[in-house]
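Single-structure report; data block below.
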Amino acid sequence: DADAMLPVLAGLPAQRKCSSGISMRSLLITAGSVAAFSGLCLLFLRWNRTSSLLVGPSHVASEGAMESLAAVNGCGANTEDACLQLGGCTWFTVTKPCPACHSWVNDIDSLTGCRDWSPVNYCRDQIYFGLLVKSGIQDPRNPTFQDAVRHFHVVQGVGAGKKGRIGHMCNVWCDFNHCESQVQVGSVPAISSKTSAADAKPQCGADTKDKCLKVAGCRWFEIREPCKLCEDWAGDIEELTGCRNWSPYEFCRDQIFWRFLDKSPAAKAAGPRSTDFIHVVRHFQVTQSRGSIGGPHGKTFFCDVWCDSTHCEGQARANNSLMRGLNYGGRFVPENFLGLNGTGEYLFKDIKKSVDARVITPCDIPVRDGRKRMARFLDDNIKPEHFDIMALNGFNTLRLPLGYWNLIDIPGTPDGPPDVKARWSNLQGFMKAKVYKKWIDRVFNFANVSGLKVLMDLHSAPGGQSGAECTGCDQGHTDAIFFLGESEANINHAVKAVKVMAEICAEKGDVCYGIELLNEPHNADRDTKHSDGIMQDLARCKLTDKPCNGLKYMFTQPQLANTEALIGHFYLSMVSSKTVAPIVRPSYRQLLRRFYVKAIKAARKHMDDSKPIVIMDWPAWLEWWQENGKFSYKEFGHIVFSTHVYDFSLTASVGDAQKTMMRPLDILRNFTLKSGYDLLVTEYALNSHGSGQDEDMFDYNSFADWYVHQLSQVAIGSMIWNFDSYWSAWGSVASNTVGNSLMNWQAINANFGGASKGAGQSASKDKHMRSHTQTQVQQPAHRRQEHWACVTQRSDKAGCRGSCAIFGLLFLVVHLLW
């Protein structure tokens, strides 16, 4: 009961009584017991599930027994219509094309036809577990495995004397700890086994590319140039081209990659790592319309092949995913945790952080010697050899974070509280904006010599777009303390800073890739289903005397008047599907949109429409921008969206690290497919897998190779944070080594948009193969401060499980001792 639980969650005295007369103390003891027992059971189930995935359950351990079961046909009809007229009979079918299904199951007829099987048992035993055994795949999160499972459908009649039928689909459901089979009841239409996506006429009727792209939901599939091998391997090429409503990802994986391996002996003999195979696959291209966004060109994908040391897969890449990027951060907006040259030696030497701040930031450096410190710091950390290293490692674009004080001089300071204005005055007092220009020019000049492009980024706006370290002025216990929207003057100052970036971009010509309007606005979350960041902000704001301005954009005043109840409501929504989470209002995004409109119009006075202007927001907000952005090419020019993808859950194996990234990758893929905008990932990192020291055996190189190529499917490019850092996981390009892994960025980037022939196989320092697991993951001091790369919101946490068990047991022990 939500009303009964809220006082507990709000921290009211345990002596209070519930209406039933049960003491709150007893209730807490019971809750602790339930948590401990439930958590231990879930831990056991997780271990048991893992074991079953390795060997299969007892009823499928024997493949012969499974096939014998599948061979039994309890119903005699050989058509769907005839089958559904027989009482107790169900029609089982597989949709085509599914090369993986046929390659894993020799006799596909043994799993289809008219049967008296239970759909639940069928999807669980013969499909889910059966395909795991036959394919040899150990992880059911594997996209190819999940797609194969979804090809199996079940059709049932609606009952005697009634017309119609219900179609079901086998599916896979996974949380953070395990996967299981599911039947999506009534979720799909009845499908005849004779229907084939490849055999059917084009699902969209247009016969030309231009006409096709005007039809909602249709994409144009084609071969980019004459290709005799394509025709030889594919057979009837018209089956794979034309106006269709197919997904580019499924097309490249199933109808191109798998089809060639399954249908063409020549392709199979050549193998997916061969030059011929890759060359043929790359000829297939998909174009989709940008819809109301418009523009001179459609959004395109091309099919490609990616391989690590163990397997290959077909992928659809954004056609202009040629950006191989990295961040040149921490220079103009220094961040203490990065530990660049001179950080502790002189930049922050003898500097004390503000009383309320979590860490030292540049605004804590007094004006009296700030210029001397900052000038030396920039000289020491902008070097021509840095750009040579970038180019040598295959990078072609760098992102340059800038603070507003590097670009414009403000009379006084941005609007805000007096104590914060004094700290901003320090920032602006180091030197005039025109003095910083020589170091900005230096970056562009070095980049030009090394053949690199530069994306300028407004990393810190006047008043701060959040209260985080990366704004140059950490504001205290929470990132919800910021003042960009406190006055129109602050907004206008930010527009002027963007205008100066546009002027510099125009001056630098082709060396300038474009400009990014703002870095990491506050509030990475829209709900608490996958992150507790909102609850942390609410709780921390309760402890500070400063006004948490950011919360007023998220909640109403009545809600904020009782934050304990609001936290309790959010918590219940996390643990119970019956409780709907409070709505997080989009007021801040609406304010940002007004700022972006003004800033883009100011910038376009200096930049061509074709030059990208980038709007950054967190993955959770991309859907909102998709629906509410409305930045048409005609009015605003080429607008690109960007996002940052971080995860701070400790994952000490490559497999676990890959699993944690699946949800954000799905969000990015959905945005790419459904919006008219291109998408960039302007920050990601290799954090939270180990200490990064010699004893760390995580295979960072293999993970980076996999991750970069995953991002290339959902975005036109990605940029690792950062080029360099004291912590190797945050500066893997300059360090060249993270933990025990040698980083082969050159091989990763050389195969970008192609097939990596073993680039993902990392070499260890002692040249021996090492385990991907480690028994203990050490956390450096800056991690304990929860402040890595300006992302204080902890990322996806699905459920409590083990932590519930530990908490519950500790709770009982403490209570019994008491």
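Worth pointing out:
- Taken together, the residues in region 434-457 that are surrounded by fewer than 18 Cβ atoms within 10 Å (Cβ to Cβ) and small (Gly, Ala, Ser) amount to 1.
- Among the residues of region 234-251, the ones that are part of a loop (DSSP other than H, G, I, E, B), at pLDDT 90 or above and open to solvent by 40 Å² or more (accessible area, probe 1.4 Å) come to 1 in all.
- Residues of region 413-461 satisfying the condition of being assigned to a strand (DSSP E or B) and not charged (D, E, K, R): 454, 455, 456, 458, 459, 460
Yes/no per residue for (1) in contact (Cβ under 8 Å) with a residue 12 or more places away in the chain; (2) under 17 Å from residue 460 (Cα atoms); (3) surrounded by 19 or more Cβ atoms within 10 Å (Cβ to Cβ):
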| residue | (1), (2), (3) |
| --- | --- |
| 515 | yes, yes, yes |
| 554 | yes, no, yes |
| 564 | yes, no, no |
| 569 | yes, no, yes |
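- With respect to the conditions (1) within 26 Å of residue 501 (Cβ to Cβ); (2) assigned to a helix (DSSP H, G or I), residue 410 lacks only one, and its number is (2).
- Pairing each residue of region 599-610 that is within 16 Å of residue 510 (Cβ to Cβ) with any residue that is in a loop (DSSP other than H, G, I, E, B) and open to solvent by less than 10 Å² (accessible area, probe 1.4 Å), provided the two are 6+ apart or on different chains, yields C-beta distances under 6 Å for 609/637.
- Pair list, Cβ under 7 Å, 6 or more apart: region 341-362 residue under 17 Å from residue 477 (Cβ atoms) and of a type in the set (Ser, Thr, Tyr), other residue open to solvent by less than 30 Å² (accessible area, probe 1.4 Å) and assigned to a helix (DSSP H, G or I): 354/364; 354/423; 361/469
- Residue 399 being crowded, with 18+ Cβ neighbours inside 10 Å and of a type in the set (D, E, K, R): yes
Table: residues versus (1) at pLDDT 95 or above; (2) over 27 Å from residue 143 (Cα atoms).
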{"position": "563", "(1), (2)": "no, yes"}
{"position": "592", "(1), (2)": "yes, yes"}
{"position": "605", "(1), (2)": "yes, yes"}
{"position": "611", "(1), (2)": "yes, yes"}
{"position": "631", "(1), (2)": "yes, yes"}
{"position": "649", "(1), (2)": "no, no"}
{"position": "668", "(1), (2)": "yes, no"}
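- Condition met for residue 76 (open to solvent by 70 Å² or more (accessible area, probe 1.4 Å), modelled with pLDDT under 85 and small (Gly, Ala, Ser)): yes
- When 385, 345 are checked against the criterion of being in a helix (DSSP H, G or I) and under 30 Å from residue 715 (Cα atoms), a single residue qualifies: 385.
- Sub-7 Å Cβ pairs linking a first residue in region 723-743 that is open to solvent by less than 20 Å² (accessible area, probe 1.4 Å) to a second residue that is among the basic types (Lys, Arg), at least 6 apart or interchain, are 740/765; 740/770, ordered by first then second residue.
- Given (1) among the hydroxyl-bearing types (Ser, Thr, Tyr); (2) within 30 Å of residue 705 (Cα to Cα); (3) at pLDDT below 95, index of the condition residue 292 fails: (2)
- Selected residue [more than 16 Å from residue 427 (Cα to Cα), open to solvent by 10 Å² or more (accessible area, probe 1.4 Å) and either at pLDDT 95 or above or outside any helix (DSSP H, G or I) (or both)] from 480, 489: 489
- Among the criteria (1) within 26 Å of residue 391 (Cα to Cα); (2) of a type outside the set (D, E, K, R); (3) at pLDDT below 95; (4) in contact with a helix residue (DSSP H, G or I) (Cβ under 8 Å, 6 or more places away or on another chain), the one residue 314 does not fulfil is (1).
- Condition check for residue 538: under 29 Å from residue 662 (Cβ atoms) and touching a helix residue (DSSP H, G or I) at 6+ places or on another chain (Cβ under 6 Å): yes
- Inclusion of residue 400 among residues that are under 24 Å from residue 437 (Cβ atoms) and assigned to a helix (DSSP H, G or I) is not warranted.
- Verdict on residue 504 being among the β-branched types (Val, Ile, Thr), closer than 30 Å to residue 434 by Cβ and not in a loop (DSSP other than H, G, I, E, B): yes
- First in region 370-385 and farther than 10 Å from residue 331 by Cα, second anywhere and assigned to a loop (DSSP other than H, G, I, E, B) and among the aromatic types (Phe, Trp, Tyr), Cβ under 7 Å, 6 or more apart: 370/430; 371/430
- Residue 360 vs. criteria modelled with pLDDT of 95 or more, crowded, with 22+ Cβ neighbours inside 10 Å and under 31 Å from the mean Cα position of the chain (by Cα): yes
The values are calculated or read from the model by the stated rules, or taken from the named source; none is laboratory data. Everything quoted here is computed from the prediction, not taken from an experiment. Methodologically, a virtual Cβ is constructed for each residue, glycine included, from the backbone with ideal geometry; neighbour enumeration extends over all protein chains shown. Keep in mind that these areas ignore ligands, DNA and RNA; they rest on the heavy atoms of the full protein, side chains included. Shrake-Rupley method; radii C 1.70, N 1.55, O 1.52, S 1.80 Å.
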